[in-house]
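Participant: Take a look at the following structure, please.
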Amino acid sequence: MAKIVESLKRLSVEHGTRKHDDNRTVKRKSELISSIEEAVSLDHNYILAVCGTQSDPEFRIGTALSDHTCVIYSVGESLNQTITLTHNQAPIVGIRFSPTSRNILYTAMNNGQITACDLRAKGKVIARFKDSTEDGKMRPLCSFDVSCDEKLVAGGTEHIGGDAFILFWDSRHTNSKLDDKNNLLGGYWESHMEDVTSLAFHSSKQDVLASGSTDGLINVFDLTQPSEDSALTYSLNTESSVDRIGWLNDDNLWCTTHNSLQLWDCDGATPYAKFERSNLTVSQNDDPDDCYIVRFHASNALGQPFLLAGSSNVKGENLRCLNIINDRLETCYNMIGNKQIVRDSWLHEKSGSLITVGEGGLINIWRQTETIPIQQNSSHKLMAKIGTGKGRDRQHRTKPY
């Protein structure tokens with residue numbers, strides 16, 4: 001891990017002591033308009049997840065529905081359905097496009113299987129990854145991810161029989177042998193005590209994997225090490241149930257729990273920024289119990305990284321993007337026209353198109369009403385912050401308890 005840059009230690013979130021007097025901040029609230037809205041299903045199916053490709057100018061999105069199907073769309077000036085995948089035999093827990101091809105879609109299912117489909121061949125399954133241990137029992141999955149070089153596929157399991165597993169497959173081996181019974185490389189089972197709810201390979205380091213669990217821990221592994229114990233580089237205690245995790249940069253992670261957003265330096269004993277559910281309210285009339293977190297987006301495509309959050313009450317389904325400004329969350333974009341509780345989102349960086357999906361079975365594509373320049377300030381630098389303490393010994397990982 002890179003050395004901590006001394007000047008980055010003095011950012012606004014360091015210890016929550018910086019006053020809200022940074023007059024360099026340019027704050028202009030605007031709106032995102034739903035330029036396209038599409039009902040995926042007329043059978044009252046939820047859309048559980050969405051993913052996409054960063055191709056330009058036309059890109060693809062994939063949606064996972066509660067009836068076990070995946071619907072693929074091509075997105076340009078309009079939204080065009082291209083194919084529906086119906087091979088899944090169990091609830092879908094995650095979908096990802098290949099990091100190297102816009103034509104390959106990975107799908108993970110609760111029954112312990114992950115498939116790779118070729119969209120050029122009508123969605124034909126070209127690879128299957130499953131637990132092939134000797135006991136013959138399939139471990140239910142609840143998360144998965146694919147490494148940036150697409151050599152490794154990892155799956156996180158539910159807590160079963162006293163253990164929760166992270167399983168690994170070599171995609172190169174399996175692609176050539178669809179029915180190979182010995183395609184499982186191995187797994188970790190000592191680092192988490194409960195369901196492994198989120199996995200995130202590093203965006204550029206193919207051998208670095210972060211995992212999050214309902215046991216409250218975020219673990220970071222160096223997969224080049226010969227054993228699980230030596231591979232476990234960092235263990236961070238969120239003191240909550242982890243929902244999603246992702247990488248901000250080489251050494252920093254974001255995490256959404258079921259009650260908060262947290263930003264972590266891998267070497268930190270505590271998060272350097274934490275925002276509770278009560279911080280999601282934007283007016284005195286908002287009830288924190290009505291608010292929910294969708295996903296954190298670390299991209300600058302809309303000016304700054306932002307948290308997508310919503311609230312559901314008798315007045316309707318509200319949705320907004322929140323920036324971190326002077327140590328607090330503030331609305332940067334209101335979302336005009338949202339009609340559903342949103343379950344997932346994905347951002348096309350080149351066009352600045354934010355795609356949301358949810359319980360109403362709708363796909364919404366949100367775009368800015370105007371281009372708003374946002375001046376570089378301490379809030380931008382927040383996402384590059386690495387650590388808040390001095391002189392930590394990096395040879396010893398933080399103990400969670």
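Participant: Do you know which residues across the stretch 235-273 are on the phi < 0 side of the Ramachandran plot, open to solvent by 10 Å² or more (accessible area, probe 1.4 Å) and either more than 17 Å from the chain's Cα centre (by Cα) or of a type in the set (Ser, Thr, Tyr) (or both)?
Facilitator: Result: Asn237, Ser240, Ser241, Ala269, Thr270, Pro271, Tyr272.
Participant: From (1) under 24 Å from Leu362 (Cβ atoms); (2) assigned to a loop (DSSP other than H, G, I, E, B); (3) open to solvent by 50 Å² or more (accessible area, probe 1.4 Å), pick out the condition that doesn't hold for His87.
Facilitator: It fails just one condition, (1).
Participant: Right, another one. Looking at (1) closer than 17 Å to Asp195 by Cα; (2) open to solvent by 20 Å² or more (accessible area, probe 1.4 Å); (3) touching an Asp or Glu at 6+ places or on another chain (Cβ under 8 Å), find the lone condition where Asn103 falls short.
Facilitator: (1) is the only condition that Asn103 fails.
Participant: Give me the residue from the stretch 298-337 that is among the hydroxyl-bearing types (Ser, Thr, Tyr) and out of contact with any helix residue (DSSP H, G or I) (no Cβ under 9 Å at 6 or more places or on another chain) and, out of that set, nearest to Leu362 (Cα to Cα).
Facilitator: Taking the stretch 298-337 as the starting set, the residues that turn out to be among the hydroxyl-bearing types (Ser, Thr, Tyr) are 299, 311-312, 331, 333.
Remaining after also requiring out of contact with any helix residue (DSSP H, G or I) (no Cβ under 9 Å at 6 or more places or on another chain): 299, 331, 333.
Details: Ser299: 24, Thr331: 24, Tyr333: 20 Å.
Restricting to residues being among the hydroxyl-bearing types (Ser, Thr, Tyr) and out of contact with any helix residue (DSSP H, G or I) (no Cβ under 9 Å at 6 or more places or on another chain), the top hit is Tyr333.
Participant: Out of the residues in the stretch 49-84 that are part of a loop (DSSP other than H, G, I, E, B) and among the polar types (S, T, N, Q), which is most open to solvent (accessible area, probe 1.4 Å)?
Facilitator: If we filter the stretch 49-84 for residues that are part of a loop (DSSP other than H, G, I, E, B), which is where we start, we get 53-58, 66-69, 76-78.
Remaining after also requiring among the polar types (S, T, N, Q): 53-55, 66, 69, 78.
Values: Thr53: 12, Gln54: 91, Ser55: 31, Ser66: 49, Thr69: 23, Ser78: 56 Å².
Top of the filtered list is Gln54.
Participant: Please indicate, with yes or no, whether at least one residue in the stretch 302-323 is farther than 24 Å from Val242 by Cα, within 16 Å of the chain's Cα centre (by Cα) and in contact (Cβ under 8 Å) with a residue 12 or more places away in the chain.
Facilitator: no
Participant: Mind listing whichever residues of the stretch 186-196 are in a strand (DSSP E or B) and surrounded by 15 or more Cβ atoms within 10 Å (Cβ to Cβ)? So that I can check it myself, show each step before the final result.
Facilitator: Initially, the stretch 186-196 is screened for residues in a strand (DSSP E or B), giving 186-188, 196.
The answer is Gly187, Tyr188, Val196.
Participant: I've got another one for you. For the stretch 90-100, which residues satisfy the criterion of being in a strand (DSSP E or B) and of a type in the set (Val, Ile, Thr)?
Facilitator: Of the residues in the stretch 90-100, the ones in a strand (DSSP E or B) are 92-97.
Correct list: Ile92, Val93, Ile95.
Participant: Here is a check on your reading of the model: is Leu199 under 18 Å from Ala164 (Cα atoms), touching a Cys at 6+ places or on another chain (Cβ under 9 Å) and assigned to a strand (DSSP E or B)? Outline the logic, then answer.
Facilitator: On the way: under 18 Å from Ala164 (Cα atoms): yes; touching a Cys at 6+ places or on another chain (Cβ under 9 Å): no; assigned to a strand (DSSP E or B): yes.
No; evaluated as a whole, the condition is false for this residue.
Participant: For the stretch 348-363, name all the residues that are aliphatic (A, V, I, L, M) and surrounded by 22 or more Cβ atoms within 10 Å (Cβ to Cβ). Explain how you work it out, then say what you get.
Facilitator: Keep residues of the stretch 348-363 that are aliphatic (A, V, I, L, M), which gives 354-355, 357, 362-363.
Hits for the stretch 348-363 are Leu354, Ile355, Val357, Ile363.
Participant: Would you check if Ala231 is under 22 Å from Glu194 (Cβ atoms) and open to solvent by 40 Å² or more (accessible area, probe 1.4 Å)? Show your work before the answer.
Facilitator: Working: under 22 Å from Glu194 (Cβ atoms): yes; open to solvent by 40 Å² or more (accessible area, probe 1.4 Å): no.
Judged against the criteria, Ala231 is not a match.
Participant: Quick check: anything in the stretch 120-135 under 15 Å from Thr53 (Cβ atoms), under 23 Å from the mean Cα position of the chain (by Cα) and either of a type in the set (Ser, Thr, Tyr) or open to solvent by 30 Å² or more (accessible area, probe 1.4 Å) (or both)? Before you say what the answer is, go through the steps one by one.
Facilitator: Narrowing the stretch 120-135 to residues under 15 Å from Thr53 (Cβ atoms): 120.
Next, from what is left, pick out any that are under 23 Å from the mean Cα position of the chain (by Cα): none.
Checking the stretch 120-135: not a single residue is under 15 Å from Thr53 (Cβ atoms), under 23 Å from the mean Cα position of the chain (by Cα) and either of a type in the set (Ser, Thr, Tyr) or open to solvent by 30 Å² or more (accessible area, probe 1.4 Å) (or both).
Participant: Moving to a separate point now. Give, as residue ranges, the strands (runs of 3 or more DSSP E) completely inside the stretch 217-315 that count at least 3 residues that are more than 21 Å from Ala49 (Cβ to Cβ). Spell out the reasoning first.
Facilitator: Numbers: elements: 217-222, 232-237, 242-247, 252-257, 260-265, 273-276, 291-297, 306-313.
In the stretch 217-315, the matching strands (runs of 3 or more DSSP E) lie at 217-222, 232-237, 260-265, 273-276.
Participant: Just checking, does the stretch 346-368 include any residue being outside any strand (DSSP E or B) and farther than 19 Å from Ile61 by Cα?
Facilitator: So in the stretch 346-368, the residues outside any strand (DSSP E or B) come out as 349-352, 359-361.
Next cut, farther than 19 Å from Ile61 by Cα only: none.
No, the stretch 346-368 contains no residue that is outside any strand (DSSP E or B) and farther than 19 Å from Ile61 by Cα.
Participant: Also, I was wondering about something else. List, please: which pairs have Cβ atoms under 6 Å, are six or more places apart or on different chains, and start with a residue in the stretch 102-123 that is on the phi > 0 side of the Ramachandran plot and end with one that is among the hydrophobic types (A, V, I, L, M, F, W, C) and open to solvent by less than 10 Å² (accessible area, probe 1.4 Å)?
Facilitator: As it stands, the answer is Gly112/Leu141; Gly123/Leu85; Gly123/Cys117, since those pairs meet every condition given.
Participant: Is at least one residue of the stretch 175-197 modelled with pLDDT of 95 or more and under 16 Å from the mean Cα position of the chain (by Cα)?
Facilitator: Yes, the stretch 175-197 contains at least one residue that is modelled with pLDDT of 95 or more and under 16 Å from the mean Cα position of the chain (by Cα).
The values are calculated or read from the model by the stated rules, or taken from the named source; none is laboratory data. Note that this is a predicted model, so its numbers are computed, not measured. Methodologically, a virtual Cβ is constructed for each residue, glycine included, from the backbone with ideal geometry; neighbour enumeration extends over all protein chains shown. Side chains are part of the model used for accessible areas, which takes the heavy atoms of the whole protein and leaves out ligands, DNA and RNA. Shrake-Rupley method; radii C 1.70, N 1.55, O 1.52, S 1.80 Å.
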